[in-house]
Every structure is written in structure tokens, then in C-alpha cells.
1. Among Arg266, Arg280, Arg78, whose mean-square fluctuation peaks in a Gaussian network model of the chain (Cα, cutoff 10 Å)?
2. Does the stretch 58-147 come out rounded, prolate or oblate by the C-alpha gyration tensor, with a ≥ b ≥ c the root eigenvalues, rounded set by a/c under 1.5 and, if not, prolate when a/b is larger than b/c and oblate if not?
3. Can you give the relative contact order of the stretch 137-296 as a percent, counting alpha carbon pairs under 8 Å and 6+ residues apart?
4. Taking the chain as a Gaussian network, where each spring joins two C-alpha atoms under 10 Å apart, which residue of Pro277, Pro207, Pro31 fluctuates the most?
5. Restricting attention to the alpha-carbon atoms of the stretch 147-265, what are Rg (one decimal) and Dmax (integer), both in Å?
6. Express the relative contact order of the chain as a whole percentage, based on alpha carbon pairs under 8 Å and six or more residues apart in sequence.
7. Please report the projected area of the chain's Cα convex hull averaged over all directions, in nm².
8. Identify which of Val198, Val189, Val16 has the largest mean-square fluctuation in a Gaussian network model of the chain, with springs joining Cα atoms closer than 10 Å.
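Each reported figure results from applying straightforward, stated rules to the coordinates on display, with no laboratory input. Note that this is a predicted model, so its numbers are computed, not measured.
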Amino acid sequence: MLRLIERPGHHAQVRVPPSSRAVVSWNTTAPSGGIALVAHRADGSVSEPLLFARWSPAERRSLDGADAISRIEVDVLRSDVPLTAVGVSSTVELDAVAVTVPPPPDARVARHARTAELDVPRLSQYFPEHPNERGWCSAASLAMLLRYHGVETDVLDVASGVFDTAYGGTGNWAFSMAYAGARGLRGAVAYLRGIDHVAAFVDAGLPVAISIGWNHGELPGAPLEHSAGHLLVVRGIERARVLVNDPAHPAIVAAYSRDALDLVFRNHGGVAYLVAPRERTAELVALANNAELAAAR
């Protein structure tokens with residue numbers, strides 16, 4: 001489920017179906033700013049303002065705010081009592097704020113037997129001049145999405161622009177979507193309901209970056225035997241295979257078993273980067289919420 005408010009100014013309160021976790025993402029062109037979150041829970045309790053993120057031209061930093069009510073872990077707001085709304089307060093005007101929670105267990109989406117194959121630029125996460133940097137999959141995947149939508153950038157620029165000095169890496173989901181927003185696009189983190197859900201976006205001409213994790217033998221053909229967290233871009237769906245640009249793959253262009261990729265995506269949480277032109281924001285949100293609509297019917 002994704003809730004997105006355009007032009008909320010400095011403050012927004014976003015209601016969500018009850019959930020123990022949520023991811024907040026935002027878009028703004030402001031070069032510096034800070035955001036705090038307020039957790040509203042099903043038992044009526046409300047958290048103190050929880051420091052979430054701060055950014056400037058010099059650095060971006062996740063702040064891991066916490067109190068007795070709720071806590072932020074880098075880019076995920078968590079609560080032992082289900083959240084029902086998230087308050088967002090910013091020191092600068094926001095162009096958009098989005099809150100996503102996992103879809104209900106019975107949520108379904110229509111089966112997509114196949115989609116067209118999208119022409120997504122191919123970028124690697126590895127660079128000979130940076131031999132020790134092995135974790136730029138998120139930056140590379142985001143760079144591929146940005147280039148697909150006509151934004152000229154490269155992996156090194158993105159890695160520099162999303163690096164979280166507190167987390168010590170480039171995999172902060174919220175900072176990645178903030179970078180897309182600063183480059184003139186709409187970017188939002190979303191929980192999706194498997195590869196069929198991803199296929200709905202690809203069918204609409206929108207490639208999606210998905211976060212996956214797998215153990216040995218769970219993703220045949222992958223360039224790594226296992227991973228606790230990796231991002232790649234889905235550019236096409238076939239009946240038995242998913243066509244991807246995997247920034248860790250030597251060829252980048254790869255195809256993985258549809259069933260295997262669906263399983264390692266859903267088991268890892270189903271988190272995706274949604275990036276589109278701003279004029280397609282409403283369509284982006286509608287596609288993200290198709291799983292809930294199907295469940296309601």
C-alpha cells in the first residue's frame with residue numbers, strides 16, 4: 001500500500017492501514033533540510049517527534065530517532081503496536097511525501113503472462129578504480145532508472161548523492177528516492193506484492209528496481225551465491241523468466257527464473273523503487289495500490 005501527497009509543504013499526516021512497519025520517502029529540490037516523523041498507533045498512543053533524516057550539500061545522514069512508542073531503523077519506521085498514521089515534519093517545503101506499508105496477506109494482482117521488454121540503459125556497480133566498493137547495487141539500479149527517464153547521470157554521481165554517512169553506505173531507500181525527486185522525477189519507495197505486481201509497472205512502460213535477498217541455490221544464474229540484500233532493475237517479464245539489468249552480473253543483462261525471483265523478492269520484503277515523470281504520479285500510485293484493490297473485490 002502506498003499513500004502519496006503532492007506539495008504538502010512542511011507538514012503532512014498520512015493515514016495507513018495498520019502495520020508494524022512503514023517506509024517514508026520524500027521529494028524536494030531543497031539542497032538542505034531535515035525531517036522528523038511522528039508515529040500514530042492503533043492503541044491511540046502517539047510518539048514524540050522522531051528524528052529521521054538530515055541532508056545538505058556536504059552530507060546525508062539518517063538519524064534513527066526512537067522513543068518508547070516507535071523507532072526508526074535507518075529508513076524503516078517500526079512499532080510493536082500497529083501504526084495507523086505517520087506525521088511528517090520538514091524544515092523545508094516538500095514536493096511530495098509518500099508512506100508505504102506491506103500489502104495485506106490476501107492481496108492479489110492480475111497475472112501478467114508477459115510484458116514488452118523495456119530499453120533500460122546498462123550500468124555496472126563495479127569500477128576498477130574503486131575495487132573496494134562492492135555495494136553500489138542500489139546506486140547503479142537508480143542510475144539506470146534515471147537514465148531511462150532521460151536524466152543524465154552515472155553511478156558515481158548517484159553513489160555520492162545518496163551516501164548515508166550514518167549508515168555508511170549507498171543503500172538508504174529514502175535517500176535514493178529523494179535523489180530522484182531532486183533530479184526532477186517522482187520517486188517513491190513501495191512495498192509490492194511479487195513479480196506480477198512489478199509486471200504491471202513494466203507493462204505501463206515503467207521499469208522497477210527491486211530489493212532481493214537469497215541463500216545458496218535460491219536464485220540460479222545469479223552472479224553471487226548469496227546476498228543479504230541486493231537491488232536490480234526489472235525490464236521485462238516472460239512466461240517463465242524475468243528479464244533484468246543486474247548491476248552485479250558481468251553482462252548486466254540477465255534473465256532469472258520467474259518463480260525463483262518472485263520468491264526471493266517477496267521473502268525479502270517486497271520493497272521496490274518506483275520512479276516516473278512527475279505527471280505520471282497518480283498512475284504510479286494507482287499501480288502500487290492495485291494489490292489492495294484486488295483484495296477488496
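1. Largest GNM mean-square fluctuation: Arg280.
2. oblate
3. 27 percent
4. In the Gaussian network model the winner is Pro31.
5. 14.5, 42
6. 22 percent
7. Across all orientations, the chain yields a mean hull projection of 14.5 nm².
8. Highest fluctuation among the options: Val16.
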